[in-house]
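The values are calculated or read from the model by the stated rules, or taken from the named source; none is laboratory data. Computed from a predicted model, the values in this text were never measured in an experiment. Methodologically, a virtual Cβ is constructed for each residue, glycine included, from the backbone with ideal geometry; neighbour enumeration extends over all protein chains shown. Quick note on the areas: whole protein, heavy atoms, side chains included, nothing else; ligands and nucleic acids left out. Shrake-Rupley method; radii C 1.70, N 1.55, O 1.52, S 1.80 Å.
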Amino acid sequence: GMVVFKLFDEVIPLTARNFRELAIGNQGYGYEGSFFSRVVPQILIQGGDCDVEDGRGGKSIFGGEFHDKNFVKTHNKAGVVSMVNFGKDSNASQFFIYMDANQFLDGSNVVFGQSCLVTLIILLTASLFFTPTLLPNNFPIRRKLDSFQLP
């Protein structure tokens, strides 16, 4: 499947640039061949761990992590894309695609895009067919990201 994203370059340029360049692979590394590491049914899909590949890693185009720039855009609808972080100013390569509004994340996760053409297979599979699991590390779902299309 394929997901097409509209990136908010005009509002959050560094984060959008980071995502775009990782999607294209200009740095010699990126999202190609990485996996979706976690699915929380009816809430989110997590992907973008392009170095450790188990949901704990991440590497930005700026080397390691980079700072939160702003929280202008909000988690107000399905299809919103925001950075995964491990605390303040810890953005790298991981991202969430949300399957519903999640305003409780406003102010903590940087929203940098919106899926324009969401692959129904991904969203339906994640929200309807996967159930929470008790597997170690809570990272049971791995789906290869074959390609990204960016407008």
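Please tell me if Ala92 is closer than 20 Å to Gln27 by Cβ and touching an Asp or Glu at 6+ places or on another chain (Cβ under 6 Å). Yes. The set of residues in region 78-100 being in contact with a strand residue (DSSP E or B) (Cβ under 8 Å, 6 or more places away or on another chain) and more than 23 Å from Asp51 (Cα to Cα) consists of Ala78, Gly79, Val80, Met99.
Inspect region 5-20 for any residue being part of a helix (DSSP H, G or I) and exposed (fewer than 14 other Cβ atoms within 10 Å of the Cβ) and give the result as yes or no. Looking for residues that are part of a helix (DSSP H, G or I) and exposed (fewer than 14 other Cβ atoms within 10 Å of the Cβ), one finds at least one in region 5-20, hence yes.
Of all residues in region 41-55 being in a strand (DSSP E or B) and buried (at least 22 other Cβ atoms within 10 Å of the Cβ), which is nearest to the chain's Cα centre (by Cα)? Lay out the reasoning, then the answer.
If we filter region 41-55 for residues that are in a strand (DSSP E or B), which is where we start, we get 44-47.
After this cut, where a residue has to be buried (at least 22 other Cβ atoms within 10 Å of the Cβ) as well, the list is 44-45, 47.
Numbers: Leu44: 9, Ile45: 7, Gly47: 5 Å.
Residue satisfying both the conditions and the ranking: Gly47.
Restricting to region 8-21, what's the tally of residues that are closer than 18 Å to Gly64 by Cβ and either modelled with pLDDT under 90 or over 12 Å from the mean Cα position of the chain (by Cα) (or both)? Total meeting the criteria: 3.
For the condition in a loop (DSSP other than H, G, I, E, B), without any contact (Cβ under 8 Å) to a residue 40 or more places away in the chain and over 14 Å from Ile97 (Cα atoms), Gly58 qualifies.
Here is a check on your reading of the model: is Asn109 modelled with pLDDT of 85 or more and either part of a loop (DSSP other than H, G, I, E, B) or farther than 27 Å from Gln27 by Cα (or both)? Give the derivation first.
On the way: modelled with pLDDT of 85 or more: yes; either part of a loop (DSSP other than H, G, I, E, B) or farther than 27 Å from Gln27 by Cα (or both): yes.
So Asn109 passes the test.
One residue stands out among those in region 70-103 that are outside any loop (DSSP other than H, G, I, E, B) and more than 18 Å from Val39 (Cα to Cα): the one that is most open to solvent (accessible area, probe 1.4 Å), which is Gln103. Of the residues making up region 47-58, those that are on the phi > 0 side of the Ramachandran plot and modelled with pLDDT of 85 or more are Gly48, Gly58.
Evaluate the following for Arg38: is it of a type in the set (Lys, Arg), closer than 14 Å to Gln94 by Cα, surrounded by fewer than 16 Cβ atoms within 10 Å (Cβ to Cβ) and modelled with pLDDT under 85? No: the conditions fail for Arg38. The single condition among (1) of a type outside the set (Phe, Trp, Tyr); (2) at pLDDT 85 or above; (3) under 22 Å from Gly107 (Cα atoms); (4) touching a helix residue (DSSP H, G or I) at 6+ places or on another chain (Cβ under 6 Å) that Ile61 does not meet is (3).
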